[in-house]
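S.K.: After the structure tokens below, expect a handful of questions from me.
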Amino acid sequence: MASFGTVAVALLLAVGAALAAEPDLKPGEFIAASPPQPAPELSFQDLSGSWVALADFKGKLVLLNLWATWCQPCLKEMPSLEKLRGSHEDKLTVAAVSEDRGGKTVVEPFIAKLGLDKVKPYLDPKSAVGHAFSVRGLPTTLIIDSGGKLVGRVEGAAEWDSDKMAKVLQPFLSDVSEDAKLKRAER
């Protein structure tokens, strides 16, 4: 049986090879889904063990961030996800889905050590979410609009609180505002 380190290295090499196969694609860049597709129906667990469905987040822009505690690029981008979430709390959900096999025992102390309180951690120790979205490596962030459609992804670490990413996310955040206005008008 392969060691955990061997598996981690193989996964990182696979991401590098996949990105190299697409010469114009750089890690951390937004890749638009063309056309946007309905996100698969799936669920994952929160740290208390309760199941949460992706559909539970409908009505907000969702950044479904797949990561692991052993993934250095994942750790590098976590603070920027935290800042992004803090600046858009009413319109945006950041669901940080850990692919760690150790589940809560590995993830909970790690999240506490990083001091994350705006990014909500979830568990997917069997990588069902990654398989459902055909994820090629970690970190990968799937961007799902307020209507539940996959509108794009970012493979590799990104600076989520940068002006560049703000420009990418703005059209989707504007849609959330319009949806909220419509819902208020319907009342």
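The values are calculated or read from the model by the stated rules, or taken from the named source; none is laboratory data. No experiment lies behind these values; they were computed from the predicted model shown. Cβ placement follows ideal geometry from the backbone for every residue including glycine, while neighbour counts extend to all protein chains displayed. In case anyone asks, the SASA skips ligands and DNA or RNA and just uses the protein heavy atoms, side chains included. Shrake-Rupley method; radii C 1.70, N 1.55, O 1.52, S 1.80 Å.
S.K.: Answer with yes or no whether Leu75 is open to solvent by 10 Å² or more (accessible area, probe 1.4 Å), of a type outside the set (Gly, Ala, Ser), over 22 Å from Gln170 (Cα atoms) and at pLDDT below 95. Give the derivation first.
M.R.: Values: open to solvent by 10 Å² or more (accessible area, probe 1.4 Å): yes; of a type outside the set (Gly, Ala, Ser): yes; over 22 Å from Gln170 (Cα atoms): yes; at pLDDT below 95: yes.
The answer is yes for Leu75.
S.K.: Go through segment 140-180 and report how many residues are part of a loop (DSSP other than H, G, I, E, B) and closer than 16 Å to Lys83 by Cβ.
M.R.: Within segment 140-180, the first condition is being part of a loop (DSSP other than H, G, I, E, B), and the residues that meet it are 145-148, 156-162.
Narrowing further to those that are closer than 16 Å to Lys83 by Cβ: 157-162.
Total satisfying the criteria: 6.
S.K.: In segment 55-81, how many are over 12 Å from the mean Cα position of the chain (by Cα), touching a residue at least 12 places away in the same chain (Cβ under 8 Å) and on the phi < 0 side of the Ramachandran plot?
M.R.: Applying the first criterion (over 12 Å from the mean Cα position of the chain (by Cα)) to segment 55-81 yields 55-60, 69-73, 75-76, 79-80.
Filter once more, keeping what is touching a residue at least 12 places away in the same chain (Cβ under 8 Å): 55, 57-60, 69-71, 73, 75-76, 79-80.
When the remaining residues are screened for being on the phi < 0 side of the Ramachandran plot, the result is 55, 57-58, 60, 69-71, 73, 75-76, 79-80.
Adding up the residues that qualify gives 12.
S.K.: Then there is this: Suppose we keep only residues that are touching a helix residue (DSSP H, G or I) at 6+ places or on another chain (Cβ under 7 Å) and aliphatic (A, V, I, L, M) within segment 65-91. Which one would you say is farthest from Ala166 (Cα to Cα)?
M.R.: Pass one, segment 65-91, residues touching a helix residue (DSSP H, G or I) at 6+ places or on another chain (Cβ under 7 Å): 65-70, 78, 88, 91.
Adding the requirement that they be aliphatic (A, V, I, L, M) leaves 66, 68, 78.
Numbers: Leu66: 20, Ala68: 25, Met78: 16 Å.
Within segment 65-91, the match that is farthest from Ala166 (Cα to Cα) is Ala68.
S.K.: Go through the residues of segment 39-62 one by one and say whether even a single one is under 17 Å from Leu116 (Cβ atoms), surrounded by fewer than 16 Cβ atoms within 10 Å (Cβ to Cβ) and touching a helix residue (DSSP H, G or I) at 6+ places or on another chain (Cβ under 7 Å).
M.R.: Yes; the residues of segment 39-62 include at least one that is under 17 Å from Leu116 (Cβ atoms), surrounded by fewer than 16 Cβ atoms within 10 Å (Cβ to Cβ) and touching a helix residue (DSSP H, G or I) at 6+ places or on another chain (Cβ under 7 Å).
S.K.: Then there is this: Filter segment 134-149 down to the residues that are of a type outside the set (Ser, Thr, Tyr) and open to solvent by 10 Å² or more (accessible area, probe 1.4 Å), then identify the one that is farthest from the chain's Cα centre (by Cα). Outline the logic, then answer.
M.R.: Quick first cut of segment 134-149, residues of a type outside the set (Ser, Thr, Tyr) only: 135-139, 142-145, 147-149.
Retained after the next criterion (residues that are open to solvent by 10 Å² or more (accessible area, probe 1.4 Å)): 135-136, 138, 145, 147-149.
On the way: Val135: 11, Arg136: 13, Leu138: 10, Asp145: 13, Gly147: 17, Gly148: 14, Lys149: 14 Å.
Among them, the one singled out is Gly147.
S.K.: Further question on the same structure: Given the options Lys83, Lys113, Lys164, name the one that is at pLDDT 95 or above, over 26 Å from Gln37 (Cβ atoms) and open to solvent by 70 Å² or more (accessible area, probe 1.4 Å).
M.R.: Details: Lys113 fails: at pLDDT 95 or above; Lys164 fails: over 26 Å from Gln37 (Cβ atoms).
Result of the check over Lys83, Lys113, Lys164: Lys83.
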